[in-house]
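The values are calculated or read from the model by the stated rules, or taken from the named source; none is laboratory data. This is a predicted model, so every value here is computed, not measured. Using ideal geometry, Cβ is built from the backbone for each residue, glycine included, and neighbour counts are taken over all protein chains shown. All accessible areas refer to the heavy atoms of the entire protein, side chains included, with ligands and DNA or RNA removed. Shrake-Rupley method; radii C 1.70, N 1.55, O 1.52, S 1.80 Å.
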Amino acid sequence: MTREVYALGQHISMSAHKARRVIDQIRGRSYEETLMILELMPYRACYPIFKLVYSAAANASINMGSNEANLVISKAEVNQGTIVKRLKPRARGRSFAIQKPTCHITIVMKDISLSGYIDTDSITWSQNPKRKKKDTTMSYYNMYSNSNGGTWDKK
């Protein structure tokens, strides 16, 4: 049984760079937190990404029977799609080429109750002595829980 579900949006008419600006904000967050962030961000890219996140959550609840409170965005990526080319009429009978970029957005969600994530409430860094790069191990922080004080208990 697979533990991940995904939603794929292809040929969305916007630049991949503009969609990545929004995707970078929601990667690794929980489902409810992602919906709140996408509703409040002022970018045009938020609406198609919102629809994809909602669709991926619906796929998880129908196909795996998982609860939406346990869903986390494990992978979110934006790839450049085809460029639609149009001609715009200009002065003196000439035409000007207009390029309309498209992108493909993939949202992958994982149910944390099935996969056994470890809650360390932070991102831990581990150094491998043989490699010069740092390896990262990401864990997810639940900001709504009342254990450890929680975010909302601060005055």
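Things to note:
- Ordering Leu38, Gln80, Asn67 by the projection of their Cα atoms onto the charge dipole of the range 4-109, which places +1 on the Cβ of Lys and Arg and -1 on the Cβ of Asp and Glu, puts Gln80 at the extreme positive end.
- Accessible area per residue in Å² at 1.4 Å probe, computed on the range 1-73: 58 Å²
- Surface share of carbon and sulfur [accessible, 1.4 angstrom probe, percent] for the range 4-109: 50 percent
- Cα centroid separation, the range 33-49 to the range 11-27 (Å): 11 Å
- Label zone (Arg86, point 7 Å along Cα-to-C-beta; backbone nitrogen cut-off 20 Å) within the range 1-23: 10-19.
- Three-way shape label, the range 4-109, alpha-carbon gyration tensor, a/c 1.5: prolate
- Distant-in-sequence amide H partners of Ser66 (H built 1.01 Å from N, under 5 Å): Ser61
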